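Working notes for the structure below.
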Amino acid sequence: MLFSELVETSEAVAATRSRLAKVAALAGLLKRLDTPAVVSFLIGVPSQGRIGAGWRTVGDLAVPPAAAESLTVAEVDEALGAYGTVSGKGSAGRRADLLAALFGRATAAEQGFLRRLLTGELRQGALEGVMLDAIASAADVPGAVVRRAFMLSGSLPDTAVAALNGGEAELAEVRLEVGRPVRPMLASPASSLPEAMAELGSVVVEHKLDGARIQVHRSGSEVHIFTRTLREITATVPELVDLVRAMPCTSVVLDGETLALTDDGKPRPFQETMSRFGAQDVRELLLSPFFFDCLHLDGQDLLDEPLRARLTALRTVAGPHVIPGVQDPTPDAAAAVVDASLAAGHEGVMVKSLTSSYAAGRRGSAWQKVKPVHTLDLVVLGVEWGSGRRSGKLSNLHLGARDPNGGPPVMVGKTFKGMTDELLAWQTKALADIATEDHPWGIVVNPELVIEIELDGAQVSPRYPGGLALRFARVLRYRPDKDAADADTIDAVRALLPGKAPGVGTGGGEGEGESGGT
Ligand code: AMP
């Protein structure tokens, strides 16, 4: 396939707001897929992942564009692969030569695409849902089968190749593999505890702990631990590895939350938990795990079993480390779980259907979160310079919600409230590092950082493109454990308008969109 065709499709997808039109454009191209790199490039990542050509390298490159289109997608993929493997003495020069040669064969439009691909500007986590629909459409297989294969393999390019080459049969061959992380099941906001219980029927109500998601895989004595974005952190959490190794089983896959606790069992600040995920060996602060799901036990996959059966398996293996919760509670007993969770310093509760199977990114709402305060995970789009006590600091944040149809985030408000001096100092540096435009008022940044915002609700507002604005937004904290693709959608913001039932999209676009789940 010619690289130019891919670039044109990518531009067409960006130019329309219609989900159906995006799906149709992508599906048309996928039907002629000849290398998995087609999918990687369309979602904005080189197939080798980040290959270390950043803003500086690409910005300095001034190579006259080619007059005619000749590059193929496979050739671009090969060139980027070669770039990524150059190392040792003189590698900077050789890398520059490789990049210049590639850019020299690219037209102006192709060069623009390559620049955005290499700097991460094209990274389109938001396009994931649209891409899954496009794969289903191009291969003429049910969307649920494609989603399941993606949940298990974690790779969109592999899923596309399997779908297009082998159809439904080959997708069904994709299995849970102990040691390979599964994309986590997500939750959507509930209107209220009684409504969630009425909607879901037979439920478990569990504490919702405010820590970081972990997924644990063990086969024999080999243990792997992953974050919610499927990053492996095994080496940084030896206490969890030891604990899992001691469980009474031969193989297991568990889903749970981990956090650092105070001596009297209260949660320590979220930042302290997160600090254990980054650096090596910060062991003064031990992490405690709280497991809430079991996807595999002793050779048996449990994903398709109802939650009730998975919880039975979970108790046999993780006993004392199972998250507190009550199955089939009366309304009073469920309300008591909420009180106990809040009294223990946690966020609220999760209400889960006991008959549901484990499905990542599903559009239903088998897991619903009930929290006393509204919070949203939003994407930072830009930031204004502060004045007075804050002059010289990047202060007033521009916040965006995810477009469930794969477009860029939609601005929904600004805030400079709730920031500690420490956070202000951190963001002044971190945001400057990802600036894409400089203005007298501040900077525009690459939309990649997720921040958790507490708010009173939403209101109709002509000021922003989505037609709505946040009310009394204040910063809770940055969420380094989340990507822009995990941010809440504009539908989740719209659900906070007065008189709207949360969780119900009023998008007005065609197609169902994704749930606002995070
Ligand atoms: P949120 O990030 O607010 O959308 O809430 C979903 C997250 O809550 C999950 O990804 C988990 O990290 C976390 N969580 C805490 N307690 C539970 C629980 N009992 N069941 C599922 N997820 C939980």
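The values are calculated or read from the model by the stated rules, or taken from the named source; none is laboratory data. On a predicted model such as this, the values are computed, not experimentally measured, just so you know. No Cβ is skipped: glycine too gets one built from the backbone with ideal geometry, and neighbour counts run over all protein chains shown. Surface accessibility is based on the protein's heavy atoms, side chains included, excluding ligands, DNA and RNA. Shrake-Rupley method; radii C 1.70, N 1.55, O 1.52, S 1.80 Å.
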Restricting attention to the stretch 347-395, which residues are within 18 Å of ASP486 (Cβ to Cβ), away from the ligand (no atom under 16 Å from the Cβ) and open to solvent by 10 Å² or more (accessible area, probe 1.4 Å)? LEU381
When you go through ALA144, ALA106, ALA139 one by one, which is the residue that is assigned by TED's automatic domain parsing to the domain that holds VAL23, under 27 Å from the mean Cα position of the chain (by Cα) and crowded, with 22+ Cβ neighbours inside 10 Å? ALA139
Answer from THR35, THR85 - the residue that is without any contact (Cβ under 8 Å) to a residue 60 or more places away in the chain and buried (at least 18 other Cβ atoms within 10 Å of the Cβ): THR35
Does ASP332 count as on the phi > 0 side of the Ramachandran plot and away from the ligand (no atom under 14 Å from the Cβ)? no
Search result, residues across the stretch 427-472 that are over 20 Å from GLU384 (Cα atoms), surrounded by fewer than 18 Cβ atoms within 10 Å (Cβ to Cβ), touching a residue at least 40 places away in the same chain (Cβ under 8 Å) and not acidic (Asp, Glu): GLY457
Filtering the stretch 301-339 down to residues that are under 20 Å from ALA359 (Cα atoms) and without any contact (Cβ under 8 Å) to a residue 12 or more places away in the chain yields ALA309, THR312
Scope the stretch 169-199; condition open to solvent by less than 30 Å² (accessible area, probe 1.4 Å), within 14 Å of the ligand (Cβ to nearest atom) and closer than 26 Å to VAL146 by Cβ; matching residues: PRO181, VAL182, PRO184, MET185, ALA187, SER188
Quick one: is ARG315 open to solvent by less than 20 Å² (accessible area, probe 1.4 Å), at pLDDT 95 or above and either out of contact with any strand residue (DSSP E or B) (no Cβ under 6 Å at 6 or more places or on another chain) or assigned to a helix (DSSP H, G or I) (or both)? no
